[in-house]
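The values are calculated or read from the model by the stated rules, or taken from the named source; none is laboratory data. Computed from a predicted model, the values in this text were never measured in an experiment. Note that we place each Cβ from the backbone using ideal geometry, even for glycine, and neighbour counts take in every protein chain shown. Note: areas computed on protein heavy atoms with side chains; ligands, DNA, RNA excluded. Shrake-Rupley method; radii C 1.70, N 1.55, O 1.52, S 1.80 Å.
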Amino acid sequence: MLKVFNYYTKFVCRVQGTGGTPVPADMLLIRFKLVQQYGSRLSTDHPTLATYSIGELLAERDVMVPIYDFKLLSERPRWTKRMADPLFDMGVPRREHPRIMKGIFTMAENAVPGTSICTAIGDATLHIIENNETSSVYYSSTSAHMFNRDILMTPAAKSCLEGLEKVRVDDDIIRETPS
């Protein structure tokens, strides 16, 4: 038996520079990246032992905002509404927007001109495979197929590591898809 769970993750970090995108001095670049990931684990494995594929970029959007206006607490509702369109256009469900915007506003508090905020949104699918001979074969072939790519490692910037958030799988953010 195979159980399939779909959920979203977010990772927000401040990046020095703008990746070649010209940005006026009083503006802040916010880059959204929607990434599809697949993971699998045996039902007998510990929940943290899931193995995920390298994410496939599904969509990317850049939004420029006036940095000093964006940082104002009083302007957050307006900016949250403005950011909803690119997120929705990328296929990110509206229920995920508040968590994403909270991470962006947190990173923006200390942002300075010439930096950008990169927001990676993971659309993750996790397969939990019951432990029997058939599923073990499925698990092996699925894992081999998912990870048959060259792995490119990039060191993380300190600001990105500081932006990591602890998450746990919760019934509120997971919906089970019958197989």
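Summary of values
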| item | result |
| --- | --- |
| Selection from the stretch 116-126 of residues that are open to solvent by 10 Å² or more (accessible area, probe 1.4 Å) and either among the β-branched types (Val, Ile, Thr) or in a helix (DSSP H, G or I) (or both) | 125 |
| Qualifying position, being acidic (Asp, Glu) and modelled with pLDDT of 85 or more, among 45, 26 | 26 |
| Test: residue in the stretch 84-99 that is part of a helix (DSSP H, G or I), modelled with pLDDT of 90 or more and small (Gly, Ala, Ser) | yes |
| Residue in the stretch 103-111 that is modelled with pLDDT under 90, closer than 25 Å to residue 125 by Cβ and of a type in the set (S, T, N, Q) present | no |
| Which listed residue, of 14, 31, is part of a strand (DSSP E or B), within 18 Å of residue 98 (Cα to Cα), in contact with a Cys (Cβ under 8 Å, 6 or more places away or on another chain) and among the basic types (Lys, Arg) | 31 |
| Scan of the stretch 45-59 for residues that are under 16 Å from the mean Cα position of the chain (by Cα) and open to solvent by 80 Å² or more (accessible area, probe 1.4 Å), ordered by number | 56, 57, 58 |
| Inter-residue pairs, beta-carbon under 8 Å, first surrounded by 11 or more Cβ atoms within 10 Å (Cβ to Cβ) and in the stretch 71-93, second in a helix (DSSP H, G or I) and small (Gly, Ala, Ser), 6+ apart | 71/108 |
